[in-house]
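Undergrad: Here it is: the structure, laid out below.
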Amino acid sequence: MVSSLEIKIEQRQGKSYLKDAYVTPPFRIVPVGQYKKDKAAYLMIMSSSPGLLDNDEHCIEIHLAENTKLQLQTQAYQRLFHMKNKSTQTTVIHMEKGSVFAYVPHPVVPQRASTFISKNTVQLKEDCHFLLSDIITCGRKLSGEEFEYHHFQNLTALYKEGKLIVKDNVLLQPERMPLQGLGILEGYTHQGTLIYYNTAKIAVQDYIDFFYEQYGEMEAIAFGISAVEGDGFMVRVLGQGAEKLFSIFQSIQQKLWDELMLA
């Protein structure tokens with residue numbers, strides 16, 4: 001089933017709001033920021049489906065007008081069910097000058113024989129702030145189902161004025177790759193990636209140092225953070241459970257949101 005979600009964020013008197021939304025089942029979009037004191041828009045993507053099924057296609061498009069701010073949330077873990085073929089998700093984000101976007105979705109749980117291919121394309125103008133993360137689990141670990149999915153891929157490409165500035169490709173194929181080997185998961189079962197980038201010419205080295213000091217020596221995880229060309233960084237985290245990784249990414253988002261994105 002092909003499912004679409006398109007949202008447009010505008011601002012009125014300095015406050016960002018959802019101007020327009022187009023959704024098809026199983027998507028819903030719900031405002032959740034009514035108790036926030038800042039002037040950003042907070043939206044939750046909800047779904048009446050328990051997850052992605054064989055041949056599902058999710059098409060998401062987000063438009064942020066000039067000087068708008070949006071923080072997206074999800075309601076629950078994203079499950080990928082048994083498939084004979086595959087499921088896909090395509091997300092396109094258009095960010096006008098001075099806009100802000102942050103999205104830390106719940107982890108993805110790929111079940112046995114699932115194949116999922118996701119592509120995120122982001123177009124940034126000047127003075128923008130962008131943050132996106134993803135967490136991939138090993139599957140239904142408590143049910144004894146680990147690394148029994150076929151294929152997981154999440155490709156993210158950031159462009160500034162049409163020029164590619166950051167590209168990241170997470171590709172995991174348990175049947176073809178030694179996932180527990182050196183240089184991949186190294187005995188861990190969960191992997192998380194977070195990308196932050198700004199086109200406002202704000203240096204981020206102090207934040208790189210701070211986050212490494214906070215999480216670099218934390219027990220039961222392997223944490224890495226690297227600067228990317230320009231003003232941004234990428235975080236990789238390996239762990240044995242999803243909640244810890246999700247909590248770390250939420251904390252990183254909150255600090256950047258409060259100190260940089262809402263400034």
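Undergrad: Being surrounded by fewer than 12 Cβ atoms within 10 Å (Cβ to Cβ), modelled with pLDDT of 95 or more and in contact with a strand residue (DSSP E or B) (Cβ under 9 Å, 6 or more places away or on another chain): is that true of LYS201 here?
TA: Considered against the rule, which asks whether it is surrounded by fewer than 12 Cβ atoms within 10 Å (Cβ to Cβ), modelled with pLDDT of 95 or more and in contact with a strand residue (DSSP E or B) (Cβ under 9 Å, 6 or more places away or on another chain), LYS201 comes out as yes.
Undergrad: Evaluate the following for ASP231: is it of a type in the set (Asp, Glu), touching a Ser or Thr at 6+ places or on another chain (Cβ under 8 Å) and modelled with pLDDT of 95 or more?
TA: yes
Undergrad: Separate question: Do you know which of the residues in the stretch 116-146 that are touching a Lys or Arg at 6+ places or on another chain (Cβ under 8 Å) and open to solvent by less than 20 Å² (accessible area, probe 1.4 Å) is farthest from MET44 (Cα to Cα)?
TA: GLU145
Undergrad: Hey, another quick one. So MET218 passes all but one of these: (1) surrounded by 12 or more Cβ atoms within 10 Å (Cβ to Cβ); (2) over 14 Å from SER133 (Cα atoms); (3) in contact with a strand residue (DSSP E or B) (Cβ under 8 Å, 6 or more places away or on another chain); (4) of a type outside the set (D, E, K, R). Which condition number does it fail?
TA: Of everything listed in (1) surrounded by 12 or more Cβ atoms within 10 Å (Cβ to Cβ); (2) over 14 Å from SER133 (Cα atoms); (3) in contact with a strand residue (DSSP E or B) (Cβ under 8 Å, 6 or more places away or on another chain); (4) of a type outside the set (D, E, K, R), MET218 misses just condition (3).
Undergrad: Related question: Please go through the stretch 204-215 and pick out each residue that is of a type outside the set (Asp, Glu) and either without any contact (Cβ under 8 Å) to a residue 24 or more places away in the chain or open to solvent by 30 Å² or more (accessible area, probe 1.4 Å) (or both).
TA: GLN205, TYR207, PHE210, TYR212, GLN214 - these are the residues of the stretch 204-215 that are of a type outside the set (Asp, Glu) and either without any contact (Cβ under 8 Å) to a residue 24 or more places away in the chain or open to solvent by 30 Å² or more (accessible area, probe 1.4 Å) (or both).
Undergrad: Further, regarding this structure: Would you check which residues across the stretch 132-179 are more than 24 Å from LYS84 (Cα to Cα), outside any strand (DSSP E or B) and either small (Gly, Ala, Ser) or touching a Phe, Trp or Tyr at 6+ places or on another chain (Cβ under 7 Å) (or both) and list them?
TA: Listed by number, the list holds a single entry, GLY162.
Undergrad: Quick one: is LEU256 at pLDDT 95 or above, more than 30 Å from PHE81 (Cα to Cα), aliphatic (A, V, I, L, M) and touching a strand residue (DSSP E or B) at 6+ places or on another chain (Cβ under 8 Å)?
TA: Here the answer is yes, as LEU256 does meet what is asked.
Undergrad: Let me ask something else about it. If a residue has to be under 23 Å from ASN154 (Cα atoms), of a type outside the set (D, E, K, R) and open to solvent by 40 Å² or more (accessible area, probe 1.4 Å) to count, how many in the stretch 221-263 make the cut?
TA: Going through the stretch 221-263 one residue at a time, the tally reaches 7.
Undergrad: If you don't mind, another one. I need a count of the residues in the stretch 22-48 that are without any contact (Cβ under 8 Å) to a residue 40 or more places away in the chain, under 30 Å from ASN85 (Cα atoms) and surrounded by 15 or more Cβ atoms within 10 Å (Cβ to Cβ).
TA: 7
Undergrad: If only one of LEU131, LEU164 is in contact (Cβ under 8 Å) with a residue 12 or more places away in the chain and under 20 Å from the mean Cα position of the chain (by Cα), which one is it?
TA: Being in contact (Cβ under 8 Å) with a residue 12 or more places away in the chain and under 20 Å from the mean Cα position of the chain (by Cα) holds for just one of LEU131, LEU164, which is LEU131.
Undergrad: Hey, among the residues in the stretch 49-78 that are more than 22 Å from LEU18 (Cα to Cα) and assigned to a strand (DSSP E or B), which one's most open to solvent (accessible area, probe 1.4 Å)?
TA: The extreme case among them is GLU57.
Undergrad: Being buried (at least 21 other Cβ atoms within 10 Å of the Cβ), closer than 30 Å to GLN13 by Cα and charged (D, E, K, R) is the requirement here; does LYS97 meet it?
TA: no
Undergrad: Looking only at residues that are in a loop (DSSP other than H, G, I, E, B) and closer than 21 Å to THR68 by Cα in the stretch 1-21, which one is most open to solvent (accessible area, probe 1.4 Å)?
TA: Among residues in the stretch 1-21 that are in a loop (DSSP other than H, G, I, E, B) and closer than 21 Å to THR68 by Cα, the one most open to solvent (accessible area, probe 1.4 Å) is GLN13.
Undergrad: Let me ask something additional. For the stretch 147-170, which residues satisfy the criterion of being among the aliphatic types (A, V, I, L, M) and open to solvent by 60 Å² or more (accessible area, probe 1.4 Å)?
TA: LEU164
Undergrad: Now, a different point. Under 9 Å between Cβ atoms, at least 6 apart or on separate chains: pull out the pairs that start in the stretch 226-246 with a residue that is more than 18 Å from LEU172 (Cα to Cα) and in contact (Cβ under 8 Å) with a residue 24 or more places away in the chain and end on any residue that is open to solvent by less than 50 Å² (accessible area, probe 1.4 Å) and assigned to a helix (DSSP H, G or I).
TA: Taking only residues 6 or more apart or on different chains, the pairs are PHE233/TYR207; PHE233/ILE208; PHE233/PHE211.
The values are calculated or read from the model by the stated rules, or taken from the named source; none is laboratory data. All values reported here derive from a predicted model rather than from experimental measurement. Reconstructed Cβ throughout: ideal geometry from the backbone, glycine too, with neighbour counts over all protein chains shown. Note: areas computed on protein heavy atoms with side chains; ligands, DNA, RNA excluded. Shrake-Rupley method; radii C 1.70, N 1.55, O 1.52, S 1.80 Å.
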